[in-house]
Amino acid sequence: MRFLEITDQAPWDAFQVRQPWNQFPQTWTWGEFRRSFGLDVRRFGLFDEAGALLVASQMEFRPKRFGVGYWFAPRGPVFSPTLPTEGRRAAFTAFLDGLLAARLRRPFFWRFEPPVGLHDPEGLMPMRFRRNVPQNPSSTILLDLAPSADDLLAAMHQKTRYNIRVAAKHGVAVRVATHPDDVTAFLDLMDRTAARDGFVQHPRSYLQDTFAFLRPFGMARIRIAEADGTPLAANMEIVSGTTVTYLYGASGDDARHMMAPYALHWDAIMQAKRDGLRTYDFWGANPPSRSMPAYKASWEGITRFKAGWGGRQVDLVGTWDLPTFLPLYRLAFLKEGWRS
């Protein structure tokens, strides 16, 4: 097997698009977006003797104080769909050996979160790794877009079907953003949602930059639900390969009885089907047990909402760190601020 840095976009995109569930943080374009903030972004792969790519990971160096930092593979590494499950650990180990021998800025730890099921295979992460709090959601709900619209409706929770009809009865209309004022409306709704629900969101400038950078590549779109010209709810979706991801969502405080978020998601699902996409990723849900570290009481309501659409729960191995200097790693994580 050979470990190489990948500097050509074409083979990278070809490998990523073959994934049955595409991970947008591992796309070339997302890496270029992150590079626009001044981050060092590199891409590496492990190839078999025939030249086929087995493991690939896009890494970004995140600097911290005092001149140190860490390399992070958001939702990576990604494994070839043709690699047998039982061969993943050996391939991952070989990939790590190549990465550690590469001439890179030396970190005090490496961070990975492979999109591999929690029990598939058990023991993927070597013993020297340490579990950390999830950086990207370690559980989500995926909706298969292959069934007909009628079959999708039939598979939903009855309350979800009912609320879709309620939104239609109230005349909630959904459209894709086409004007700068639409982006402003989305950002305003995000601010209101954060204030109401008490969570910390990305700065407005980051959300605006995300949309502005990815939209020309066909990766980002904002969808707005409104009544009588008043925006009631909005989503930002990310399209990668055959997967569309519901990345950000927001809703106003008024007219909540109109059930605008239900109209919003149903419209997004229908467009994804028309576009020939295969998977609708709700991007984040609680794991199945309250005892699991990633479980959040504040996510109980949104998890019920997402589960109501009839998708399947997917639980991943989560976020894992490989310390290169253990004393410094332990010292760093004495402070909660280093976890973010």
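The values are calculated or read from the model by the stated rules, or taken from the named source; none is laboratory data. Quantities reported herein were computed from a predicted structural model and do not represent experimental measurements. Here the Cβ positions follow ideal geometry from the backbone for every residue, glycine too, while neighbour counts run over all protein chains shown.
When the residues of the range 255-276 are filtered to those that are over 17 Å from ILE222 (Cβ atoms) and part of a loop (DSSP other than H, G, I, E, B), which remaining residue is nearest to the chain's Cα centre (by Cα)?
This residue is GLY276.
What are the residues in the range 132-176 that are touching a residue at least 40 places away in the same chain (Cβ under 8 Å), under 24 Å from the mean Cα position of the chain (by Cα) and either loosely packed, with under 13 Cβ neighbours inside 10 Å or part of a loop (DSSP other than H, G, I, E, B) (or both), if any?
VAL133, PRO134, GLN135, ASN136, PRO137, SER138, LEU145, ALA146, MET156, ARG175
With more than 24 Å from SER289 (Cβ to Cβ) and touching a Lys or Arg at 6+ places or on another chain (Cβ under 6 Å) as the only criterion, which of LEU104, LEU145 stands out?
The conditions single out LEU145.
Quick one: how many residues across the range 254-295 are among the acidic types (Asp, Glu), within 21 Å of ARG165 (Cα to Cα) and surrounded by 15 or more Cβ atoms within 10 Å (Cβ to Cβ)?
Residues in the range 254-295 being among the acidic types (Asp, Glu), within 21 Å of ARG165 (Cα to Cα) and surrounded by 15 or more Cβ atoms within 10 Å (Cβ to Cβ): 1 in total.
Can you work out which of the residues in the range 2-42 that are in a loop (DSSP other than H, G, I, E, B) and within 20 Å of GLY69 (Cβ to Cβ) is farthest from the chain's Cα centre (by Cα)?
GLY38
How many residues are crowded, with 19+ Cβ neighbours inside 10 Å and more than 19 Å from the chain's Cα centre (by Cα) if we restrict to the range 43-52?
3
Do you know which of the residues in the range 238-254 that are on the phi < 0 side of the Ramachandran plot and outside any strand (DSSP E or B) is nearest to the chain's Cα centre (by Cα)?
It comes out as THR242.
Residues in the range 260-280: is at least one of a type outside the set (Gly, Ala, Ser), assigned by TED's automatic domain parsing to the domain that holds ARG175 and over 25 Å from ALA146 (Cα atoms)?
Looking for residues that are of a type outside the set (Gly, Ala, Ser), assigned by TED's automatic domain parsing to the domain that holds ARG175 and over 25 Å from ALA146 (Cα atoms), one finds none in the range 260-280, hence no.
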